[in-house]
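To keep things clear, I will list the structure first and then write my remarks on it.
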Amino acid sequence: MSKSVELDVSCVVGGKIWNLYSFHYHTGDGVFTGYLHAVSSEHASYMLQELRETATLDGQVLEAGKL
């Protein structure tokens, strides 16, 4: 059964508007899309670079109340 995660298109953090940006990446399994919030396109590109350098896997996202 397919479930979805809803993301706000924008939010306010520390008095600044953070907008939703998408990115895609390629693996042996295909092309996938991810999302991040940033204050500008330039900020989003810096954040994506930081993701490339520091990302780690936390684990599977489970439906609330199910473990």
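What follows is calculated from the coordinates using simple rules that are stated; it is not laboratory data. Predicted, not measured: the structure shown is a model, and the values here were computed from it.
Which shape class, rounded, prolate or oblate, goes with the chain when its Cα gyration tensor gives a ≥ b ≥ c as root eigenvalues, a/c under 1.5 marks rounded, and past that a/b bigger than b/c marks prolate?
Since a/c reaches 1.5 but b/c is at least a/b, the shape of the chain is classed as oblate.
Tell me, what is the percent relative contact order of the chain, built from C-alpha pairs under 8 Å that lie six or more residues apart?
Here the relative contact order equals 20 percent.
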